[in-house]
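The values are calculated or read from the model by the stated rules, or taken from the named source; none is laboratory data. Since the model is a prediction, treat every value here as computed from it, not as a measurement. Because the Cβ atoms are built from the backbone with ideal geometry, glycine has one as well, and the counts that use them run over all protein chains shown. For accessibility, only protein heavy atoms count, side chains too; no ligands or nucleic acids. Shrake-Rupley method; radii C 1.70, N 1.55, O 1.52, S 1.80 Å.
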Amino acid sequence: MSVPERFGFYLDPNRCIGCRSCVQACSECDTHKGHAMIHLDFVDRAHSIQTVPMVCMHCDSPTCAEVCPADAIKRTEDGVVQSARKPRCIACSNCVLACPFGVPKMNSSFDLMMKCDMCYDRSQAGKKPMCAAVCPSGALFFGTREEVASLRPRSRILDRFEFGAQTITTKVKLMVPRDSTELQVDVTGALEAVPEEDPFEEIALEGFL
Amino acid sequence: MSQTPQTPLEIQDRFGPHLNYAVGARLATEVEPERLVATHCCFCGQQCGVHLKVRHNQVIGFEPREDFPFNRGMLCPKGVKRYLQGAHPDRIQTALQRDPDAPGGFRPLPYSEAIRRVASEFDRIQSTFGPDAIGVLSGASLTTEKTYLMGKFARVCLKTRHIDYNGRLCMVSAAAANKMAFGIDRAANPWSDIPGAEVVWVSGANVAECAPITTNYIWQARENGGKVVVVDPRLTPLARTADLYLPIKPGRDLLLFHGVLHLMIQHDWLDHDFIRQHTVGFEALAEHVRPWTPARTAEATGLPEKKIRQAAELWGTARSSFLLHARGIEHSTHGVQNCLGAINMVLASGRIGRPHCGYATITGQANGQGGREHGQKADQLPGGRDLANPEHRAHVAKVWGVAPESLPPPGVDCYEMMRRVETGQIKGLLSICFNPKVSLPDSTFVARMLDKLEFFAAIDFFVSETAQHADVILPGSLHEEDEGTVTQVEGRVIKINQALDPPGEARQDWRIIQDLAQALGRPHGMTFHSPREIFDELRQASAGGVADYSGITYEKIEAQNGVFWPCPAEDHPGTPRLFEEGSWNPVAKGAGPFYFPDGKARFQAALYTPPAEEVDRDYPLMLTSGRVISHFLSGTQTRRIGPLVDQYPEPRLELHPRLAEKLGIEDGEWVSVESRRGLATLRAQVVTTIRPDTVFVPYHWGDRRSINRVTHAAQDPISKIPEYKVCAVRVRRASTEEREAAEADTRSSMQIGATRAAGETALGSGRLGQGVRPS
Ligand code: SF4
């Protein structure tokens, strides 16, 4: 069985509210109960409330699989990059270091690399992965192309990422504003982006202080 | 005398809070559930649908429930992990009686003996001091059936005027304002009207954390081309992505509404036809807001004039809109007036009673809506009827089979009840679903009052901070151990389905109440056999009232996935959207869509009064309090669920770096925040996302880190809601002693509970350190 072709996974960090429902639900998934595979981080809590969820992007040519010396990571026909196969994984952490999105996690108590597999048992059956099922902001969305087209008229899809010299295309799509001109996400460039405006700039401390 | 028997640590060791994590069948991957129970979350007013996986009388996990139209599978972290409140090591499974020599200060008591003891104490107090000497505190997380029964129990069985509920801390300002302006208290629209609105205005509502599912509705409006305006002293997750964010000074919301209305009038952004046909009082209001020029509004609200003008233009020129507010404007000594100010803006625009044109308060508690309609409120009878109204009394007395004169007169709000403990008018107390020691303001006073009672009985499933003061604790039921209805944020009546049987000697709450009535020898009207029977009587009692449930049945709720009240007949589908043109209601009788005899809505010249406590030299900062997403209300449940505690382990005081620098405070440092009432010690979180003149602390904790030791018990004169959202404080580095005390409280609140199988008793088993905290 494979994930039906009509379904896709769409990520819109702009919508994220940092609620961590995805993290809490991820650890309820039957294949890795008690362990959340999704990452959810503040960008810089001291200066912003912005958070970003990170699922496996399911790269068309996955770096993790390319660097794996034990051939433990498989990308199935449907484009899903599977978690390491236990009999093969030698817990070398190459994939953890190499993944440009920082997705795989080394679980030292099992000596096994674990990563998001789009809740393969669920998505194969046409069910939503846990994170996308519960996400209350729509930052994580699993559905058909038609649904995305009708629900997100102001957004468009981007699936090219630049990490310095490396360009990656992915199965998971990023949603960006329709009127933006970018053709790919310049991830390294974004790290130097200027912070948001300060809405409290004009507010003085109370006179009594 | 009701007094906490032992040191906090001894009680904590025995009764928690301990953190519960998934173990055993809850962690195993190959275990299949016996059945999936379609029900709802137990926490907030959104009432998300969820499937509980049940096996061996234990909930072992959840499955998204996509068929329920409100949340379509979505959940916040509380909804995901709520199942861990069951089979919890802290769960009380027998009645408990105070005993200073027993571990934790309580010893188990056979259930029937406990019931007899409570009844005889209540009887003794009432025969000595009169019926009003017993007070009843109830809650809005109970099913509507239970809230109805609590009201009936107080009025018919105990015959006391002293009953009130924790919705007093939550929905009452909006409820009073809605009644004054519309003649009815309910969200005017279903949430499905939000995505099509051109402007969504959110005032004083941290939607992302307190009503998470609403986020998707608002983002959908934006996706459809709408604009989002957020008014809040903190830059909340929603505010970050809003089109316009107004960082208002706490307690000044009404002035912004006045200022916007002033500009709407100046620019003639008004719906004159609507105002003429459907409202009264506009002229007087226009006069009232004339002084609120943008310059003056800016000065008073602490907002830039430019942003006020932008907001007014967005609101004024929109063709469709949805205004939402919540506790941010309601927790105020002029909370009712704040809500009226918001309603004025809506009525002047004429954008209500149509698709994509709406207004609502975001009700906080699970049954915040249903829980305020059917008679557990001090002045109220079922069906939204008034206890002071002779016709209303007659109707309900007839359903109850009692003489109208036998019903007591209206009582007082829950805080006033505490003051009546002080004056000796109330000597005995029964509480259920309410943790006033954590949730009421100026809580050291509340703790003293609990200690002053001659006799205090609490119905609870965990020994909450309040129950620690009880003489007898009766083991009640968790949400998943009973069935019944709840009315969620939109006014949709939904069905809670039972997944488990209560463990040990624990009982469904309605059975406990009826057992008490029986033991008191006053069983009249307290002999229901099921929640369904209670609901059927409630339908009759509400018939013909504003909150008319008479046409709602369990079957219809099931078939339609919820029924919006009013629903006056069995062939009536319910009323998702109020105030539609040409709609009929029992007050206007066809004269117009609003619930007054002339069918017209009321503009109210809402009166601004400053917060009860302004900053001064001694207390130069404003304190505002609120919630975080992974905890709920007083934390009785969520502080016992490991993954939710891990997400937000301890309360933090948020302050702006400019303020932190001035005070010499660093991120993560222990600070003490102090008011004229009291002091709390917690760690600082230095963030640029809050006004520099304001500090924020969430209120879910009960020990020396509890911010309600600091907050002010000043109340709105109409709704009696306390002013949680602003009072004057000072903040400094904590002393060594204060820090050590707070650190000790933090440590003791983080102990992991022993694991045990369902059904095993909590008493007498080893407790600590045996659980596994997953990585
Ligand atoms: S707490 Fe509210 S938003 Fe969260 S899952 Fe429960 S009902 Fe839904």
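Numbers for the structure displayed
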{"item": "Count of residues meeting criterion [touching a Lys or Arg at 6+ places or on another chain (Cβ under 8 Å) and within 15 Å of the ligand (Cβ to nearest atom)] in region B:356-383", "result": "2"}
{"item": "Region B:24-63 - residue that is open to solvent by 40 Å² or more (accessible area, probe 1.4 Å) and among the hydrophobic types (A, V, I, L, M, F, W, C) and, of those, farthest from B:GLY79 (Cα to Cα)", "result": "B:LEU27"}
{"item": "B:GLN715 vs. criteria under 19 Å from B:HIS631 (Cβ atoms) and surrounded by fewer than 23 Cβ atoms within 10 Å (Cβ to Cβ)", "result": "no"}
{"item": "Scan of region B:67-126 for residues that are on the phi > 0 side of the Ramachandran plot and within 16 Å of the ligand (Cβ to nearest atom), ordered by number", "result": "B:ARG72, B:GLY73"}
{"item": "Residue match in region B:39-50 (condition: more than 16 Å from the ligand (Cβ to nearest atom) and either under 27 Å from B:ALA326 (Cβ atoms) or not in a loop (DSSP other than H, G, I, E, B) (or both))", "result": "no"}
{"item": "Residue that is nearest to B:MET622 (Cα to Cα) [pool: residues in region B:221-280 that are basic (Lys, Arg) and modelled with pLDDT of 95 or more]", "result": "B:LYS249"}
{"item": "Candidate set: region B:572-626, residues that are assigned to a loop (DSSP other than H, G, I, E, B), hydroxyl-bearing (Ser, Thr, Tyr) and more than 14 Å from every other protein chain (Cβ to nearest Cβ); chosen: the one nearest to B:ASP185 (Cα to Cα)", "result": "B:TYR595"}
{"item": "Some residue of region B:103-119 being more than 14 Å from every other protein chain (Cβ to nearest Cβ), outside any helix (DSSP H, G or I) and open to solvent by less than 10 Å² (accessible area, probe 1.4 Å)", "result": "yes"}
{"item": "Residues that are among the β-branched types (Val, Ile, Thr) and either surrounded by fewer than 19 Cβ atoms within 10 Å (Cβ to Cβ) or in a loop (DSSP other than H, G, I, E, B) (or both), drawn from region B:627-675", "result": "B:VAL628, B:ILE629, B:THR636, B:ILE665"}
{"item": "All positions within region A:46-94 that are open to solvent by 40 Å² or more (accessible area, probe 1.4 Å) and not in a loop (DSSP other than H, G, I, E, B)", "result": "A:VAL52, A:GLU66, A:VAL67, A:ARG75, A:ASN94"}
{"item": "Subset of region A:79-102 (residues that are touching a His at 6+ places or on another chain (Cβ under 9 Å) and farther than 17 Å from A:THR31 by Cα)", "result": "A:GLY79, A:PHE101, A:GLY102"}
{"item": "Selected residue (criterion: farthest from the other protein chains (Cβ to nearest Cβ)) from residues of region A:1-47 that are among the charged types (D, E, K, R) and more than 18 Å from B:TYR83 (Cα to Cα)", "result": "A:GLU5"}
{"item": "Odd one out for A:PRO100 among (1) at negative phi; (2) touching a Lys or Arg at 6+ places or on another chain (Cβ under 9 Å)", "result": "(2)"}
{"item": "Which numbered condition B:TYR21 misses (of (1) within 16 Å of the ligand (Cβ to nearest atom); (2) crowded, with 16+ Cβ neighbours inside 10 Å; (3) not small (Gly, Ala, Ser))", "result": "(1)"}
{"item": "Residue in region A:1-22 that is nearest to B:THR236 (Cα to Cα), counting only those that are touching a residue at least 40 places away in the same chain (Cβ under 8 Å) and open to solvent by 20 Å² or more (accessible area, probe 1.4 Å)", "result": "A:ASN14"}
{"item": "Members of region B:55-66 found to be within 15 Å of the ligand (Cβ to nearest atom) and in contact (Cβ under 8 Å) with a residue 60 or more places away in the chain, listed by number", "result": "B:VAL59"}
{"item": "Qualifying residue in region B:244-265 (condition: under 30 Å from B:PRO576 (Cα atoms), touching a strand residue (DSSP E or B) at 6+ places or on another chain (Cβ under 9 Å), within 16 Å of the ligand (Cβ to nearest atom) and within 14 Å of another protein chain (Cβ to nearest Cβ))", "result": "no"}
